[in-house]
Amino acid sequence: MVRIGDSMAGLFSSVQFLTTHMGNESLRSANSIKQVAASGDPVKQASMQGQGAGDVSFASNLLNRSASKRSSINAFQNAVTYMQSQADGIRQAEKIYQRMLDLASLAVDPMVNDNDRAMLSQEFETLRTMAVEINSQTIGGADLFDMRAATTQYQVDFLQGTTQDPATKSGTINGNDYWDITKDVIYNSGKLTIDHRPMSAWDRVMVFQNDPAKPLFDTGQWTTSSTDFDRFVIKYGPDRDTTFQFVPQDTNGNNVYANKNRYLAHLGLADDGTPSGWDTRTETEFKNLGLITTNSSDSTTSELTVRIEATGTVFDVEAKWEPLEMEDAFVGRSQDLQVGLNPLGLGALRTQDSGFPEIAIDSRQNAQSAIDSIRNEINGFAQQLGNLSSNMNRVENSMDATQQQLSTHEQALSGVVREDLALQMLKVTKARIARSQNAAMLSQAINLNYDIANMIL
């Protein structure tokens, strides 16, 4: 005998099974539809699929690296625009310098009278102003040129073989005489090398810009012997700390450093056992050490003063300024193919004499000096253009390589998207078929069990 309860239990069990199965298929279908919608985002895709951290990390890494490549390519494209502007500037400057050379050649002619030379000089000054403006051009806030990279390298001798002369002293401070030499070095940065031999109770060597109360460099009360010089190499600039190197000198070439005990004491250093006591530290740059102190520079001025304060009757000093070494400018992100660009520079159109006087053609003598300076600059254009060509080639090669890497990454990402899209569409289709089959089976089960129940009842 068939029990009504058993039959109804079978009905509900069948219906429950099919309903649960259809619900699961619906959930799977919905998840697949979501993943189809997310097919353009591999990270989201991998996360929705419940893939491991490694899979998500791989997709995320691909996206991050692709973004980095795009950023580098954009930087390379900007660099190309920047270098094209540099090329235009050099071509303009070359034309201007050539015309200035023609004018200077006319002005040096002894047959040219003062009125004609004045007219030539007027045009010359106009052209010089135009050249200075080219040298100061910017693009996107970046300077096109840096005079420190010019082929004409300027040096300034402040003190050469200078000895104490009461007739030339600048004044008295704290009861001691002092001597100042001030010169405009054009730049607000540089390297100053000082060779100093006190030959007295003590000397004080100071280097400052506007304010002697805040010197760039100060030896304090420095005493050594009259045999050897002491060398200080000072570097300063608005974008760096003021530093110095101390380089002991063996002036007599006898491998005896006569000042050793004193400079080691002044610097607060122990003897390292070498003849100079300093061999292992000669390349080290310090800000403050022992008696010596430094301060940051003033970016608003290019004037520099070397001061010697002395207690005795004799000192010997030599000081020479030169521009700081130039550093390459890097283009591109550090994790990609970075490119170092050689800086380019146009000369300051000044003579190479001490103090950098501006070139002029208002006299035959000045015109001849101007000819020499302008020829130096014109000869330097070939080197500047060579550096520019090298920079351009490196940027373009790196941009091409980075573009190829980006294409590879994007192909990989596209492949992930295409493969997953096909898979999820297949899952959606299968889920729909399964739901249709389950619905039919559910209807049959309900009808069958309903007929059985009617027959029994």
Among the residues in region 157-171, are any under 23 Å from residue 348 (Cβ atoms), loosely packed, with under 13 Cβ neighbours inside 10 Å and at pLDDT below 85?
yes
What pairs can you find where one residue is in region 391-406 and within 16 Å of residue 340 (Cα to Cα) and in contact (Cβ under 8 Å) with a residue 24 or more places away in the chain, the other is among the β-branched types (Val, Ile, Thr) and assigned to a helix (DSSP H, G or I), and their Cβ atoms are less than 9 Å apart, with a gap of 6+ or different chains?
392/80; 395/80; 396/80; 399/73; 399/80; 402/73
Do you know which residues across region 312-327 are over 31 Å from the mean Cα position of the chain (by Cα) and surrounded by 17 or more Cβ atoms within 10 Å (Cβ to Cβ)?
315, 316, 317, 318
Within region 133-151, can you find the residues that are crowded, with 16+ Cβ neighbours inside 10 Å and in a helix (DSSP H, G or I)?
134, 135, 147, 148, 149
Considering only residues that are under 30 Å from residue 250 (Cβ atoms) and β-branched (Val, Ile, Thr), look in region 180-218 and name the one that is surrounded by the fewest Cβ atoms within 10 Å (Cβ to Cβ).
193
Yes/no for residue 112 being in a loop (DSSP other than H, G, I, E, B) and in contact with a helix residue (DSSP H, G or I) (Cβ under 7 Å, 6 or more places away or on another chain):
yes
Please state which of the following conditions residue 118 fails to meet, knowing it meets all the rest: (1) out of contact with any helix residue (DSSP H, G or I) (no Cβ under 7 Å at 6 or more places or on another chain); (2) small (Gly, Ala, Ser); (3) modelled with pLDDT under 85.
(3)
Pair list, Cβ under 7 Å, 6 or more apart: region 64-84 residue modelled with pLDDT under 80, other residue part of a helix (DSSP H, G or I) and surrounded by fewer than 16 Cβ atoms within 10 Å (Cβ to Cβ)
66/410; 73/403
With the checklist (1) surrounded by fewer than 19 Cβ atoms within 10 Å (Cβ to Cβ); (2) out of contact with any strand residue (DSSP E or B) (no Cβ under 6 Å at 6 or more places or on another chain); (3) at pLDDT below 95 in hand, flag the one item residue 282 doesn't pass.
(2)
Selection from region 252-275 of residues that are among the hydroxyl-bearing types (Ser, Thr, Tyr), crowded, with 16+ Cβ neighbours inside 10 Å and more than 22 Å from residue 207 (Cα to Cα)
257
Given the conditions (1) of a type outside the set (A, V, I, L, M); (2) under 18 Å from residue 370 (Cβ atoms); (3) touching a Leu at 6+ places or on another chain (Cβ under 8 Å); (4) at pLDDT 90 or above, which single one is not true for residue 89?
(2)
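Condition check ((1) in contact with a strand residue (DSSP E or B) (Cβ under 7 Å, 6 or more places away or on another chain); (2) modelled with pLDDT under 85; (3) under 30 Å from residue 157 (Cα atoms)) across all residues:
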| site | (1), (2), (3) |
| --- | --- |
| 367 | no, no, yes |
| 374 | no, no, yes |
| 385 | no, no, no |
| 390 | no, no, no |
| 417 | no, yes, no |
| 425 | no, yes, no |
| 438 | no, yes, no |
| 445 | no, yes, no |
Looking only at strands (runs of 3 or more DSSP E) that fall completely inside region 156-249, which ones have 1 or more residues that are free of Cβ contacts under 8 Å to residues at least 60 places away in the same chain and either touching a Cys at 6+ places or on another chain (Cβ under 6 Å) or among the β-branched types (Val, Ile, Thr) (or both)?
171-173, 230-236, 243-248
Residues (surrounded by 16 or more Cβ atoms within 10 Å (Cβ to Cβ) and under 30 Å from residue 188 (Cα atoms)) located in region 234-251
234, 235, 236, 237, 242, 243, 244, 245, 246, 247, 248, 249
Inside region 276-304, can you point out the residues that are touching a Phe, Trp or Tyr at 6+ places or on another chain (Cβ under 6 Å) and more than 27 Å from residue 214 (Cβ to Cβ)?
276
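The values are calculated or read from the model by the stated rules, or taken from the named source; none is laboratory data. These numbers were taken from a predicted model, which means no experiment stands behind them. Here the Cβ is made from the backbone with ideal geometry for all residues, glycine too, and neighbour counts use every protein chain on show.
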